[in-house]
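Encoded as structure tokens, the structure appears first; notes follow it.
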Amino acid sequence: MNLKKTAVFCMALLCHLALIAQESYSLSGTVTSQGDNVPLAGVNVLIQGSATGVVTDFDGNYEIDVVEGDILEFSYLGFVSQQITVTDQESLNVSLAADSQLLDETVVIGYGTRKKSHLTGAVSSVVNEDLDQLPVARVDDALVGQISGVNIQATEGEAGSAPTIRIRGTGSLTGSSAPLIVVDGLVVDNDFLGSLDMSEVESFDVLKDAASAAIYGSRGGNGVILITTKQGKAGKTVFSYQGYTGFKEARQSDAYYFSVAETLAEELAVTGELSERSQYIQQIGIDRDYQDIIFDGGIIQNHSLSARGGTENTKFSISLGYLHDEGVLITDDYKRYNLRLKLDTKVSDEFRFGGNIAPSYTNRRRFDGSTHDILRQGPWLPVYHDENTIQYVDRNVYPDVQVGDYARQRHFDNYDLFGDGNLVDISDTSNQNPAAKVLERDENDYKFKVYGNFYADYEIMDDLNLRTTLSGDYQHTMRDRWQGVEASRNGASDASYDVENEKRIHMASETYLTYDKNIDKHEFDVVAGITFEKWDYEGSFAFGTGYTSDLIRTLSAATVASEIESWVYEERFQSYFARLNYAYDDKYLASFSYRRDGSSVFGADSKYGDFPALSLGWDIAEENFLQNVDFLSSFKFRVSYGFTGNKDLDTDSDIIDLYPSLPLLGPSSATIGGAVQPAFISLNIANPDLQWERSKEINPGLDFGFFKNRITGSLDYYKRTSDQLLLFNPISASTGFRNALVNIGEVENTGIEVELRTRNIANSNFSWNTTILASKNENELTDFADSNGQIGIVDDKRAAEWINLEGQPISSFYGWVVDRDIPRELRERPYFPIGAEAQDVYVKDLNGDGVIDDDDKTILGNPYPDLVWSVTNDFRIGNLDISFLFQGSHGAEVRNMGDQYIFNHFNSGADFDPAITPDQDFIREKIFTDDIIQDASYIALRNVNVGYNLPVTLTSKIGLTSMRIYAAGQNLKYWTADDYTGFNPESIDNTSPTTYGYQRAGSPIFKTISIGINADF
């Protein structure tokens, strides 16, 4: 809130210092193309340094409110922009010149940029025009529905949690399938995006195909997301404030919402009477679902203050940000403080340098619990005892329970309901109160990060530049977790405290030459360089028990300290890279790249990997025989083929992830002579031949533009084959291990991506643009070696199965097919517990042999969507703008184990009565069937934004250059499939690539309604 007060104070001060409020007036004119004098529709006319602007209509006309001294900027794709200062003109006609040398829609491609019209790979770009107005805590959350082929799932519902990002499917079985993230040239981890303020971001460029990502070699196998932050511009310093406040509300599950009144009414209607348990529950008089308690909603607020400006020789940008997200789960809370300073200086015509530094601090209190476990308790149970409920407590067992204490189900047992000595029990669990499980725990993450880079650029000769950069990031994370004396049914004996500290230092040095040369109709762009990187990790962990109260939460207060660990790791990386881009006459295009990577992760025999790529393009619209086809603006065929890799393992062991090729030892103990002695055990089987996972991909594509680019888009088909997969393959038990890490196996992803953008209406006072994105991906395991047909489980107690079978998607669900439900009347206690369902179901005898066994199991589905799409519409009516985005996903499924918890499958009272139930040989537990395989399809109204730019006549009088007020909504509507029972079909537990799609009800999706303001002064 201090930042908000500072911004308000600054604006008030400027208003006070304003000596004269200039009068505004309406300026109009026509924009035409130079040479043929054809009116240009859709030209952007913007008051420099502000958000105020209009676009020309079909006849090239515009009208805009200005004040004397304003600088108008006229910009249009394919033409040289013009800046004109307003004097006292009443009309202003402008003629824009076409410029073939203009970097039209320049796209960042890694170690350089390229005209979009010259791209030969699959690259998508998103400019941050209004993404910073979305009420999200992380920048990657704002990309949902913005890029075809990029699937972003809100797999966790906690504030500040990272979504799962997949570009063109899952391509690894043991390694990571997350894309590479590069911010201003420095490779960072996904966690870094939690410390980046969206108001600092200029643009996102996504390299989707192998030819585009091959410049990043062994790290580009899952695609690359390039993020460019904002920098200063020559001219007067522009101060900006951006802020919003939003209100968040969790999406609840109707299927999991239980009512005492409704259940008892159904029981009375069917049986004509209420059981003793039902009468007792009715007498207690409480009927409140725990979703209303645990999903308490919250407020999100964000405030950013920046200053950008400079001269032609030195430009600067400084920004300060604060975000507070209370989340939607009880105890959930996330705070972020960030600062960024960016400076670019031109010393001479040959030499320039610059850099930026960005420290940040985040404080995240976690939701230390699980929705599935908390919400399985009945709606009749209060959180705390009051004067009413205390009378039901069994004083023989719980003599010390008082008003205000947490209520537990066991407290209500042994109650003489009718005063006849017949005691009634109504508990179905001995667990602690659901709210206490969360409120009496305190888990926090504290992260301090510093990111920075420095560059120097020297022009050796015309068209030849040498650039060197030194970049790095430092991260210190402390995690602590307190479990209080009332967090568990076991009381103080389960109280504990643990602390973990991790430090990571990442340094990168890059030096490369660039050569840009135009000779007649030939354009050459060459880059070649070398890079060195290193990561150093260190950490420690300690766990303490033996606490008798919640008063002192330190390790020194523990009577027993155990599990004390510390570790030090390192990783080194070295690369050589080169790329040649070529264009002839803007219509014949080619690009070739090569990268050689070396990593300390892999064995001495395979430490280096080679990653070449080639792509070609032909813009047929530039051919002479099509010059008279007026409706055709561009029509570019392209095809790419390349190799990328993946070096990032995810084996649940950091030491194996970083040193998998070496023989590793871990601490242990052994009993010698009756005494326990320290010892070491082998952690793995060394494999000096271990090498990179490799992806090879072919991608033919088409980019098009019609009717002077009023309709533009692209169509891509890709086939990516990932082989040499890092896989734990079964080996002889005589080695002491069940498996060993080897390079074997192959996964194939094929798909289609479509992007379509239209300027439906373009008038000076009204415009309407539409964007349609769609992608379809199919995943297939084509080679799994000796592991073919591998059955995997997540939880030994709930051993539902996944199968990894050649010819099928990775992580296919496996089990029996449901035939029919067991009727309620066959259950032992049909109406108790409240909301309970039978844990069993009748299954089908698929092979018809009269016996239910493993031969009747089959593939039940997979967790990957068949189609992901989005539709965005943007309207501008004068100073009013409206936009909304619908986004959907279809075909994915989840294994929702939350049903077993929340529907109380564990409770023996919900079991079938063996005395009256027929065909019992055909009954199996639901968790082993497709009963809990649920359709994860959804359609969401992801974003709605309504904004208004205040007229210049008003903002100029209060000392502001521009001001925009807006209201925004996120997930205002969220439709799921009829058979989905959980809180969020996108939510997936973090298991492994071979058991993907596991969910236990999920963290809730949430809707947010916010109001905000953007002001420049």
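The values are calculated or read from the model by the stated rules, or taken from the named source; none is laboratory data. Fair warning: this is a prediction, and the values are worked out from it, not measured in the lab. In this analysis, Cβ positions are derived from the backbone assuming ideal geometry, glycine residues included, and neighbour counts consider all displayed protein chains. Only protein heavy atoms, including side chains, enter the accessible area calculation; ligands, DNA and RNA are left aside. Shrake-Rupley method; radii C 1.70, N 1.55, O 1.52, S 1.80 Å.
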Quiz item: Expressed as an acute angle from 0 to 90° and rounded to the nearest 10, what is the orientation of the C-alpha long axis of helix 2-17 relative to the principal long axis of the chain?
Solution: 30 degrees
Exercise. Answer with one residue from Gln999, Phe680, Ile793: the one whose Cα lies farthest towards the positive end of the charge dipole of the chain, charges on Cβ with Lys, Arg +1 and Asp, Glu -1.
Key: Phe680
Self-check item: Those chymotrypsin sites (Phe, Trp or Tyr not before Pro) in region 391-465 that DSSP places in a loop and that have at most 15 other beta carbons within 10 Å
Solution: Phe418
Quiz item: If you take the Cα atoms of the chain, find Rg, then find the Kirkwood Rh from the mean of 1/r over all pairs, what is Rg/Rh?
Solution: 0.99
Practice problem: Report, to the nearest whole %, how much of the accessible area of the chain belongs to carbon and sulfur atoms, 1.4 Å probe, protein only. | Solution: 53 percent
Quiz prompt | From the C-alpha gyration tensor of region 106-232, square roots of 5λ in Å | solution = 21, 19, 13
Quiz item: Which value, in Å² and to the nearest 10, is the accessible area of Leu725 when all protein chains are kept and the probe is 1.4 Å?
Solution: 0 Å²
Exercise. Add +1 for every Lys or Arg and -1 for every Asp or Glu among the other residues with Cβ under 14 Å from the Cβ of Lys230, and state the total.
Key: -3
Quiz prompt | Proportion of all alpha-carbon pairs of region 21-97 beyond 16 Å (%) | solution = 44 percent
Quiz item: Near Asn396, within a Cβ-to-Cβ distance under 13 Å, what is the net charge of the other residues, with Lys and Arg +1 and Asp and Glu -1?
Solution: -2
Practice problem: Keeping every protein chain in place, order His890, His372 by accessible area at 1.4 Å, biggest value first, i.e. largest first. | Solution: His890, His372
Quiz item: To the nearest µm²/s, what D does Stokes-Einstein give for region 52-173 at 37 °C and 0.692 mPa s, using the Kirkwood radius over alpha carbon pairs as Rh?
Solution: 176 µm²/s
Quiz item: What figure in square angstrom, to the nearest 10, would you give for the accessible area of Tyr257 with a 1.4 Å probe?
Solution: 100 Å²
Self-check item: Ranked by how many other beta carbons lie within 10 Å on average, peptides 468-478, 267-277 from highest
Solution: 468-478, 267-277
Quiz item: What do the square roots of 5 times the Cα gyration tensor eigenvalues come to for region 779-833, in whole Å, largest first, as semi-axes of the equivalent ellipsoid?
Solution: 35, 13, 8
Self-check item: the chain: calculated mean residue ellipticity at 222 nm from DSSP helix runs of at least 4, using -39500 (n - 2.57)
Solution: -1500 deg cm²/dmol
Quiz prompt | Extent along principal axes [Cα atoms of region 327-442; Å; largest to smallest] | solution = 100, 24, 18
Quiz prompt | Percent RCO, i.e. relative contact order, over region 455-583, from Cα pairs under 8 Å lying at least 6 residues apart | solution = 24 percent
Quiz item: Which value, in Å², gives the accessible area per residue of the chain when a 1.4 Å probe is used on the protein heavy atoms?
Solution: 42 Å²
Exercise. Over 18 Å between C-alpha atoms is what I'm after, so list which of Lys696/Lys719; Lys587/Lys719; Lys503/Lys534; Lys236/Lys315 land there.
Key: Lys587/Lys719
Quiz item: Among the lysines, which have Cα under 18 Å from the Cα of Lys857 when same-chain residues fewer than 8 positions away are ignored?
Solution: Lys844, Lys926
Practice problem: Over all alpha-carbon pairs in region 594-647, figure out the percentage whose distance exceeds 14 Å. | Solution: 66 percent
Exercise. Give a quick list of GluC sites (Glu not before Pro) in region 566-634 that DSSP marks as loop, anything other than H, G, I, E or B, with at most 14 other Cβ atoms within 10 Å.
Key: Glu623
Quiz item: In Å, what Rg and Dmax follow from the Cα atoms of region 409-459?
Solution: 28.9, 98
Quiz item: What is the projected area of the convex hull of the Cα atoms of region 515-635, averaged over all directions, in nm²?
Solution: 16.6 nm²
Quiz item: Among 336-349, 294-307, how do they line up from the highest to the lowest mean number of other beta-carbon atoms within 10 Å?
Solution: 294-307, 336-349
Practice problem: Would you mind calculating the relative contact order of region 21-97 from Cα pairs under 8 angstrom and at least 6 residues apart, reporting the percent as a whole number? | Solution: 37 percent
Quiz prompt | Percent of beta bridges antiparallel (DSSP, the chain, rounded to nearest 5) | solution = 95 percent
Quiz prompt | Under the Debye formula (equal points on every Cα, no solvent term), log10 I(q)/I(0) of region 243-383 at q = 0.09 Å⁻¹ | solution = -0.54
Quiz item: What is the helix-to-structure angle for 260-271, meaning the angle in degrees between its Cα long axis and the longest Cα principal axis of the chain, kept from 0 to 90 and rounded to the nearest 10?
Solution: 50 degrees
Self-check item: Debye equation applied to the C-alpha atoms of region 535-593, log10 I(q)/I(0) at 0.22, 0.24 Å⁻¹
Solution: -0.90, -0.97
Quiz prompt | Distance violations [Cα-Cα > 20 Å] among Lys230/Lys957; Lys115/Lys521; Lys230/Lys647; Lys335/Lys447 | solution = Lys230/Lys957; Lys230/Lys647
